[in-house]
Amino acid sequence: TTSVVLFTRDLRLHDHPPLRAALDGSDTVVPVFVRDRAVDAAGFAAPNRLALLADCLRDLDAGLRERGGRLIVRSGDLVEEVCAAAGEADAHDVHMAADVSGHAHRREERLRSALEARGRRLHVHDAVTTVLAPGSVTPAASDHFAVFTPYFRRWGEHSVREPLAAPRRVRVPGGVGSEPVPDRGDPAALSPGLPAGGEREARKRMAAWLRTGVFGYADRHDDLSGDATSRLSPDLHFGALSPVELVHRARRAGGEGAEAFVRQLAWRDFHHQVLAARPHASAADYRTRHDRWRTGAAAEADTAAWKDGRTGYPIVDAAMRQLRHEGWMHNRGRLLVASFLTKTLYVDWRVGARHFLELLVDGDVANNQLNWQWAAGTGTDTRPHRVLNPTTQARRFDPEGTYVRRWVPELAGLEGRAVHEPWRLPKAERSAYAAYPDPIVDLAEGLDRFKRARGRD
Ligand code: FAD
């Protein structure tokens, strides 16, 4: 007998329940990845992520070949392609991981019916892309938790399934058509500081992180210049790493840092369970605040300055430039640039979320859209009126100014925290830094505008 394993956001061989189930139930398996036309059409085909996707697929193919198999790559309508591959291999069963977006749910249902109409069966496996299945941790009176703290308390009470070893051998039948594994695309279109992707690289990063970095995480995760977070988000996004395995290994490493790290993985699960329950939150406000976001030429000019890292607030600009250069941004940076766009400039969170998705190598619907909503105060944040002051944030999370000098070379000559407020320099000195713009907005005016707007709540 033959089964199909459909890989989606779980591009790995370690701890892969659908692959294990397929191997246990049949003699040969068809490992398939379909470049889903609908995902591309929805604007998710950003060059940075396509490059990492290509790394992951190449690595998965290499891992399968080492085990006697290979990866089948197709593109087009996912349902048609999976049905065709199952037909070519005469496979009765198709295994895949559960996912949370509205698109993923609809696609799963279409696939189930199309397979059933052909006498085949779809098996959907939970806890592959998340630690716990969305919907498995719920309060008494609702289908999901809307506040993180009580969610996390309950999340911690659940046992996490044991991770599975990678298979030793994978036999793939002949006669199933495949396209070549894609390459990274035009290097000129990519952020120059993009990491390498794929399961092997990811496992090296995970091992190094758990050996050393994680121990300082509780104290240092917010330190912008220290850059002391795991940077495993792209690996988790593509599923080159299993979140289940990460939780087990972090808990085994132990200590305050590991606990704080596991808490962040629970945040990831949290946003996934919100999106699973409220798929429209990918585009519409989770909670309406009756915002009438700024539009028009002035708002567009402000947005353009924000995207280019030329707002005149060095900490905001440093973070925006890191995003462009690396396809990644530190979480503290994401929080403060999102607050700046949506609250200080009062521009719609969707504008910011879209820009992030064009560049972020870890950009995904659940984490990006719901973190944006959290930061904008339209989401699950319990303090929707909080506004982060960029200068206060800069002094706190980049006390020596190292992060700003790294990303804003025009200001590299300014020592210490003076780099955070170039507008305070005496006129004669300020002219030496004329390449760097003046602030595009007065913070007090921005705050007033936001308070007046949100006052309508
Ligand atoms: P670490 O601090 O090492 O955390 C470990 C892992 O926990 C991360 O890799 C990530 O998977 C998860 N995690 C940490 N913080 C969060 C969080 N707030 N929400 C959900 N998961 C979290 N993360 C994404 O993976 N994709 C996105 O598209 C994304 N967009 C964001 C947009 C905004 C406006 C904000 C404020 C945050 C966003 N985040 C997103 C969350 C967070 O910033 C990144 O996950 C984190 O910076 C990745 O770096 P790291 O792997 O070093 O994180």
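Given the criterion among the small types (Gly, Ala, Ser) and in contact with a helix residue (DSSP H, G or I) (Cβ under 7 Å, 6 or more places away or on another chain), identify the matching residue among Gly87, Gly69, Gly76. Show your work before the answer.
On the way: Gly87 fails: in contact with a helix residue (DSSP H, G or I) (Cβ under 7 Å, 6 or more places away or on another chain); Gly69 fails: in contact with a helix residue (DSSP H, G or I) (Cβ under 7 Å, 6 or more places away or on another chain).
Among Gly87, Gly69, Gly76, only Gly76 is among the small types (Gly, Ala, Ser) and in contact with a helix residue (DSSP H, G or I) (Cβ under 7 Å, 6 or more places away or on another chain).
Out of Asp227, Asp285, report the one residue that is acidic (Asp, Glu) and closer than 28 Å to Ser142 by Cα.
Values: Asp227 fails: closer than 28 Å to Ser142 by Cα.
Answer to the check: Asp285.
Can we say Thr382 is out of contact with any Lys or Arg (no Cβ under 6 Å at 6 or more places or on another chain), more than 10 Å from the ligand (Cβ to nearest atom) and at pLDDT 95 or above?
no
Can you name the residue in the stretch 254-307 that is closer than 17 Å to Trp349 by Cβ and among the aromatic types (Phe, Trp, Tyr) and, of all such residues, is farthest from the ligand (Cβ to nearest atom)?
Here the answer is Trp293.
Looking at Leu246 and the list (1) under 21 Å from Pro195 (Cα atoms); (2) more than 12 Å from the ligand (Cβ to nearest atom); (3) among the aliphatic types (A, V, I, L, M); (4) touching a residue at least 40 places away in the same chain (Cβ under 8 Å), which single condition is not satisfied?
(2)
For the stretch 188-195, state whether one or more residues are within 9 Å of the ligand (Cβ to nearest atom), in contact (Cβ under 8 Å) with a residue 60 or more places away in the chain and crowded, with 17+ Cβ neighbours inside 10 Å.
For the stretch 188-195, residues within 9 Å of the ligand (Cβ to nearest atom), in contact (Cβ under 8 Å) with a residue 60 or more places away in the chain and crowded, with 17+ Cβ neighbours inside 10 Å: absent.
Please work out which residue is surrounded by the most Cβ atoms within 10 Å (Cβ to Cβ), limiting yourself to the stretch 338-360 and to residues that are under 19 Å from Tyr313 (Cβ atoms) and touching a Pro at 6+ places or on another chain (Cβ under 9 Å).
Step by step, filter the stretch 338-360, then rank; the result is Phe340.
From the list Arg220, Arg251, Arg203, Arg211, exactly one residue is basic (Lys, Arg) and within 13 Å of the ligand (Cβ to nearest atom). Which is it? Steps first, please.
Numbers: Arg251 fails: within 13 Å of the ligand (Cβ to nearest atom); Arg203 fails: within 13 Å of the ligand (Cβ to nearest atom); Arg211 fails: within 13 Å of the ligand (Cβ to nearest atom).
Checking each option against the conditions leaves just Arg220.
Quick one: is Gly193 assigned to a loop (DSSP other than H, G, I, E, B) and in the same structural domain as Arg9 (by TED's automatic domain parsing)?
No.
Looking only at the stretch 200-212, filter to residues that are of a type outside the set (Lys, Arg) and surrounded by fewer than 18 Cβ atoms within 10 Å (Cβ to Cβ); which one of those is nearest to Glu66 (Cα to Cα)?
The selected residue is Ala207.
Looking at the stretch 157-175, can you tell me whether even one residue there is more than 16 Å from the ligand (Cβ to nearest atom) and touching a Phe, Trp or Tyr at 6+ places or on another chain (Cβ under 9 Å)?
The initial filter retains those residues of the stretch 157-175 that are more than 16 Å from the ligand (Cβ to nearest atom), namely 157-159, 161-175.
Right, trim to touching a Phe, Trp or Tyr at 6+ places or on another chain (Cβ under 9 Å) and you get none.
Among the residues of the stretch 157-175, not one is more than 16 Å from the ligand (Cβ to nearest atom) and touching a Phe, Trp or Tyr at 6+ places or on another chain (Cβ under 9 Å), which makes the answer no.
Got at least one residue in the stretch 142-158 being within 30 Å of Ala86 (Cα to Cα), surrounded by fewer than 18 Cβ atoms within 10 Å (Cβ to Cβ) and outside the structural domain of Arg20 (by TED's automatic domain parsing)?
Scanning the stretch 142-158 turns up no residue that is within 30 Å of Ala86 (Cα to Cα), surrounded by fewer than 18 Cβ atoms within 10 Å (Cβ to Cβ) and outside the structural domain of Arg20 (by TED's automatic domain parsing).
Suppose we keep only residues that are within 19 Å of the chain's Cα centre (by Cα) and part of a loop (DSSP other than H, G, I, E, B) within the stretch 100-125. Which one would you say is surrounded by the most Cβ atoms within 10 Å (Cβ to Cβ)?
So, considering only residues that are within 19 Å of the chain's Cα centre (by Cα) and part of a loop (DSSP other than H, G, I, E, B), the one surrounded by the most Cβ atoms within 10 Å (Cβ to Cβ) is Val100.
Looking only at the stretch 4-33, filter to residues that are of a type in the set (Gly, Ala, Ser) and surrounded by fewer than 24 Cβ atoms within 10 Å (Cβ to Cβ); which one of those is nearest to Arg203 (Cα to Cα)? Can you show your working first?
Here is the first cut: in the stretch 4-33, the residues of a type in the set (Gly, Ala, Ser) are 21-22, 25-26.
Remaining after also requiring surrounded by fewer than 24 Cβ atoms within 10 Å (Cβ to Cβ): 21, 25-26.
Details: Ala21: 23, Gly25: 28, Ser26: 28 Å.
This residue is Ala21.
Somewhere in the stretch 76-94, is a residue in contact (Cβ under 8 Å) with a residue 12 or more places away in the chain and under 22 Å from Pro234 (Cα atoms)?
Among the residues of the stretch 76-94, not one is in contact (Cβ under 8 Å) with a residue 12 or more places away in the chain and under 22 Å from Pro234 (Cα atoms), which makes the answer no.
Looking at the structure I just gave you, is Gly87 outside any loop (DSSP other than H, G, I, E, B), farther than 21 Å from Gly177 by Cβ and not assigned by TED's automatic domain parsing to the domain that holds His144?
Numbers: outside any loop (DSSP other than H, G, I, E, B): yes; farther than 21 Å from Gly177 by Cβ: no; not assigned by TED's automatic domain parsing to the domain that holds His144: yes.
In short, no.
So which of Thr288, Thr303, Thr295 ends up being modelled with pLDDT under 95 and hydroxyl-bearing (Ser, Thr, Tyr)?
Values: Thr303 fails: modelled with pLDDT under 95; Thr295 fails: modelled with pLDDT under 95.
So the residue among Thr288, Thr303, Thr295 that is modelled with pLDDT under 95 and hydroxyl-bearing (Ser, Thr, Tyr) is Thr288.
I'd like the full set of residues that are within 8 Å of the ligand (Cβ to nearest atom) and within 16 Å of Asn48 (Cβ to Cβ), limited to the stretch 323-340.
Trp328, Met329, Arg334
In the set Met329, Met320, which member is of a type in the set (A, V, I, L, M, F, W, C), surrounded by 18 or more Cβ atoms within 10 Å (Cβ to Cβ), assigned by TED's automatic domain parsing to the domain that holds Tyr436 and assigned to a loop (DSSP other than H, G, I, E, B)?
Result: Met329 is the single residue among Met329, Met320 that is of a type in the set (A, V, I, L, M, F, W, C), surrounded by 18 or more Cβ atoms within 10 Å (Cβ to Cβ), assigned by TED's automatic domain parsing to the domain that holds Tyr436 and assigned to a loop (DSSP other than H, G, I, E, B).
For the stretch 103-116, does any single residue satisfy the condition of being in contact with a helix residue (DSSP H, G or I) (Cβ under 7 Å, 6 or more places away or on another chain), closer than 27 Å to Met329 by Cβ and not assigned by TED's automatic domain parsing to the domain that holds Asp362?
Yes, the stretch 103-116 has at least one match.
Here is a yes/no grid of residues against (1) without any contact (Cβ under 8 Å) to a residue 40 or more places away in the chain; (2) under 21 Å from Ala304 (Cα atoms):
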residue: Val347; (1), (2): no, yes
residue: Arg354; (1), (2): no, yes
residue: Glu358; (1), (2): no, yes
residue: Asp362; (1), (2): no, no
residue: Pro390; (1), (2): no, yes
residue: Arg395; (1), (2): yes, no
residue: Arg417; (1), (2): yes, no
residue: Ala428; (1), (2): yes, no
residue: Tyr436; (1), (2): no, yes
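The values are calculated or read from the model by the stated rules, or taken from the named source; none is laboratory data. Computed from a predicted model, the values in this text were never measured in an experiment. Note that each Cβ is placed from the backbone with ideal geometry, even for glycine, and that neighbours are counted across all protein chains shown.
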